[in-house]
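Have a look at the structure below, then the notes.
No value in this document is a laboratory result; all are computed from the given coordinates. These numbers were taken from a predicted model, which means no experiment stands behind them. Positions of Cβ are backbone-derived with ideal geometry, glycine not excepted, and every protein chain shown enters the neighbour counts.
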Amino acid sequence: MFTGLVRSIGTARLISPSRVQVTCPQLQPQLVCGDSVAVDGLCLTVVDILPDGFWADVSPETLRRSVWGQGSGPRQVNLEPALRVGDRLGGHFVSGHIDGVGQLWDQTATGAAWEMSFKVPGEIGRYIVPKGSVAVNGVSLTIAQVRQGGCWFSVAVIPQTYRDTNLSLLQAGDPVNVEVDILGKYVEKLLGLGSPESLVSLEFLAEHGYV
């Protein structure tokens, strides 16, 4: 489990169809084999320690759902070690299980923040809600505006987050890893939204002022 608060930036590249090498001199001294590390939002397990980083295995599912399926790198990546019991939860609950790939639509510098907008597929957009949480490349962000049923959304990124993550490296059209708030998916499952047997629907919730 992670919080979406990036601790450092490293470099990652696929060295085989099933293994990624991560270079992270700042984080490496803290790691041991078996640790979980979020790499651009992907929960990976450290399988071998290197002098300046680590190796991790990646599954075909990971490649299919993430930007790694679109190229082998190298790329600069956001890194966050797993949350420890007793740690502060400063972002939101991030599982490290990517839901899919979105893309940066636009970004604009303002006086106090960077306004960034993203496009995502419909299967992700259904879980995007105003003032909700989303992880983009493993960064915990609060959703400001939503359009097109959630397939377009914007966030405000404070200068420190913009400077200390790879969000500052993105150009319009670049792909990003996206993980929606897992709580929304659990609610949908428990309520049976969308199933013929369910008495609760999005129309029902809207009619009663819940959405």
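Just to confirm a number: summing +1 for Lys and Arg and -1 for Asp and Glu over residues other than Val37 whose beta-carbon lies under 10 angstrom from that of Val37, what do you get?
Charge balance near Val37 sits at -1.
If you take the Cα atoms of segment 1-41, find Rg, then find the Kirkwood Rh from the mean of 1/r over all pairs, what is Rg/Rh?
0.94
Tabulate in residue order the Karplus-calculated ³J(HN,Hα) for segment 98-115, using 6.51 cos²θ - 1.76 cosθ + 1.60 with θ = phi - 60°, rounded to whole Hz; enter x for Gly and Pro.
Going residue by residue, I get 5, 8, x, 9, x, 8, 5, 8, 6, 8, 9, 7, 10, x, 10, 6, 9, 8 Hz, with x marking Gly and Pro.
Local charge sum around Leu27 (other residues, Cβ-Cβ under 13 Å, Lys/Arg +1, Asp/Glu -1)?
Cβ neighbours under 13 Å give a net charge of -2.
For a label point 7 angstrom out from the Cα of Ile15 toward its Cβ, which stretches of segment 52-82 have the backbone nitrogen within less than 12 Å?
Residues 52-57 fall inside that zone.
Could you list the square roots of 5 times each eigenvalue of the Cα gyration tensor of the chain, that is, the equivalent ellipsoid semi-axes, sorted largest first and rounded to whole Å?
30, 20, 16
Please sort 133-143, 106-116, 147-157, 15-25 by packing, taking for each peptide the average over its residues of neighbouring beta carbons within 10 angstrom, highest first.
Result, highest mean first: 133-143, 147-157, 15-25, 106-116.
Ignoring everything except DSSP H segments at least 4 long, calculate the 222 nm mean residue ellipticity for the chain; use -39,500 (n - 2.57) per segment, divide by total residues, nearest 500.
Rounded to the nearest 500, the figure is -3500 deg cm²/dmol.
Bin by bin, in steps of 10 Å, what percent of the Cα pairs in segment 8-81 do you find, going until the bin that has the longest distance?
For segment 8-81, the pair-distance distribution reads 22, 62, 16, 0.
So for segment 51-198, averaging the separation of alpha carbon pairs under 8 Å that are six or more residues apart and normalising by length, what relative contact order in percent results?
About 26 percent, as a whole number.
Helix 182-191 sits at what angle to the longest principal axis of the chain, using alpha carbons and giving 0 to 90 degrees rounded to 10?
40
At a Cα cut-off below 20 Å, give the lysines reachable from Lys131, other chains included and same-chain residues fewer than 8 away excluded.
Filter leaves Lys119, Lys185.
Tell me the net charge near Tyr127. Cut-off is 13 Å between Cβ atoms, Tyr127 excluded, with +1 for each Lys or Arg and -1 for each Asp or Glu.
Summing Lys/Arg as +1 and Asp/Glu as -1 gives -2.
Can you list which of the trypsin sites (Lys or Arg not before Pro) found in segment 32-122 are DSSP loop residues with at most 11 other C-beta atoms within 10 Å?
Counting only loop positions with at most 11 other Cβ atoms within 10 Å, the trypsin sites (Lys or Arg not before Pro) in segment 32-122 are Arg84, Arg88.
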